[in-house]
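Encoded as structure tokens, the structure appears first; notes follow it.
The values are calculated or read from the model by the stated rules, or taken from the named source; none is laboratory data. Predicted model, so just to flag it, every value in this text is computed and none were measured. Ideal geometry is used to build each Cβ from the backbone, glycine not excepted, and the neighbour counts take in all protein chains shown. Ligands, DNA and RNA are excluded from the accessible area calculation, which covers all protein heavy atoms including side chains. Shrake-Rupley method; radii C 1.70, N 1.55, O 1.52, S 1.80 Å.
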Amino acid sequence: MGEDHDIVIVGGGVAGLAIALALHKVGLKSLVLERADCLRTAGAAFNMWPNAWKALDALGVADALRPFYSQIDGIRGFSICSGVCKNVSLKRGGKGDSNVKLESRCIERMALLEALARELPEGSVRFNSKIVSLHRESLSPFTMLELADGTSLKAKIVIGCDGVYSVVARWMGLPPAKSVGRTSIRGMVTYTEGHNFEKLNVQVWGKGLRTGFVTCTDKKVYWFLTRRSQPQDAEICGNAEIVRNAALEMVKDFPDPIAEIIKSSPAETINMADLKVRWVWPWEWGRGMEKGKGSVTIVGDALHPMTPDLGQGACMALEDAVHLSRCLEQAIKSINIAEWGEVQVEKIESCFNKYLQERRWRVSSITSAAFVIGFVQEGSSRFTRFVRDWIFFPLFSMRYILYFAESC
Ligand SMILES: Cc1cc2nc3c(=O)[nH]c(=O)nc-3n(C[C@H](O)[C@H](O)[C@H](O)COP(=O)(O)OP(=O)(O)OC[C@H]3O[C@@H](n4cnc5c(N)ncnc54)[C@H](O)[C@@H]3O)c2cc1C
């Protein structure tokens, strides 16, 4: 017989650790099962926008990160096709003597994961624990989780935080995330003597290509590049030097210091990923996610894989965690979790449905906006470049990034 647990979280990424911490803060114990043998570093860093900082404040870890990461002063967008350049200040109101800035920092993935994990009781995260399947006997109120090592675990409540290829989401009946036909390359460079870049989120647009960089700290700079996927991507993605050379070739006509930043980045920070999204219209949320699945739900990329064009995936995962923990706290208070049966499962199921309903419009609008903005910004055709440089840019500047980051 396997072990019994009240709450099992599948996946120890941003979503998994954030929900575990949010539950811990309201007095609920959980076990995080992570397939890797340690916290995962791939992806180097994230832009964390004001909504993420609100969530990190609620989780009590924001102040452990703030002193180490530079607050960004603004966003700068530049098109090498038309020369159009836009600056957006992160100061409230944009002008005047206001020192109140919308908080945006680019933080290292590992630092975020460690900050979340540090606040958890010892033994909360179990590594080398890959879930391969879930099942539930028709009359049982428990969910069984099968692990790759052949062991199994019995859980009252399961929260799937296992990312884009989520086993839990598949079990709940969600369709797989689909490639959007675009690929991203990212990396990080450390200047041991410090750098002189402004504290900006710089984005540069070309033909079918968007690249940019953000200062993380006084020494570290994160960079990214997105472009249409190419047939050889699957072959080269495991070789950082080939990926770097491909990136350098793509930015050869781009202004300084993009190529230099890419050249100086250690190979272990370079990562290539096919961008994926799952379309679930807001009115379809819950359908197929709730049928007979009882006390099982999903959070973060498992629920809403999105393109990174608004830098909101991890920010949304943090928001999800705060929302879900509030719902779950209320639901668990109203039952006796020690006496687990169908009545308790129904209570938790309706709490999970409430959480999904609360999140659906926000997450759907951000997922769709990120997709459309990514498509336009990349400017693959002459028409989209025209729209981007002469309509989209002048009309919206780059304020749409802040609109979604603020409205929560
Ligand atoms: C190019 C790019 C740039 C991005 N930039 C930003 C940004 O600037 N800002 C931002 O907010 N977001 C950004 N994102 C999105 C962000 O990376 C994701 O939204 C975020 O990592 C989602 O967190 P998660 O915990 O849901 O999933 P993940 O980070 O994928 O974590 C899932 C975890 O589950 C584990 N796991 C998977 N399967 C199993 C299993 N079967 N059993 C046990 N464990 C399992 C994995 O090992 C992993 O640790 C970007 C994404 C990309 C691709």
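For CYS81, indicate whether it is open to solvent by 10 Å² or more (accessible area, probe 1.4 Å) and over 19 Å from the mean Cα position of the chain (by Cα). It is true that CYS81 is open to solvent by 10 Å² or more (accessible area, probe 1.4 Å) and over 19 Å from the mean Cα position of the chain (by Cα). For region 306-319, the candidate set comprises residues that are surrounded by 24 or more Cβ atoms within 10 Å (Cβ to Cβ) and not in a helix (DSSP H, G or I); within that set, the residue that is farthest from the ligand (Cβ to nearest atom) is MET306. Are any of the residues in region 336-358 open to solvent by 70 Å² or more (accessible area, probe 1.4 Å), assigned to a loop (DSSP other than H, G, I, E, B), at pLDDT below 90 and polar (S, T, N, Q)? Taking every residue of region 336-358 in turn, at least one turns out to be open to solvent by 70 Å² or more (accessible area, probe 1.4 Å), assigned to a loop (DSSP other than H, G, I, E, B), at pLDDT below 90 and polar (S, T, N, Q). Select from region 287-296 the residues that are open to solvent by less than 10 Å² (accessible area, probe 1.4 Å) and either at pLDDT 95 or above or not hydroxyl-bearing (Ser, Thr, Tyr) (or both) and write down the one among them that is farthest from the ligand (Cβ to nearest atom). Checking each candidate, the answer is GLY294. Here ARG40 fulfils each of the conditions (1) modelled with pLDDT of 95 or more; (2) open to solvent by 20 Å² or more (accessible area, probe 1.4 Å) apart from (1). Of all residues in region 366-408, those that are in contact (Cβ under 8 Å) with a residue 24 or more places away in the chain, open to solvent by 60 Å² or more (accessible area, probe 1.4 Å) and basic (Lys, Arg) total 1. So, SER79, is that one more than 16 Å from the ligand (Cβ to nearest atom) and polar (S, T, N, Q) or not? Criteria met by SER79. The residues of region 1-40 that are within 12 Å of the ligand (Cβ to nearest atom) and assigned to a loop (DSSP other than H, G, I, E, B), listed by number, are GLY11, GLY12, GLY13, GLU34, ARG35, ALA36, ASP37, CYS38, LEU39, ARG40.
Just one residue in the set VAL363, VAL322 is open to solvent by less than 20 Å² (accessible area, probe 1.4 Å), within 16 Å of the ligand (Cβ to nearest atom), among the hydrophobic types (A, V, I, L, M, F, W, C) and touching a His at 6+ places or on another chain (Cβ under 6 Å); that residue is VAL363.
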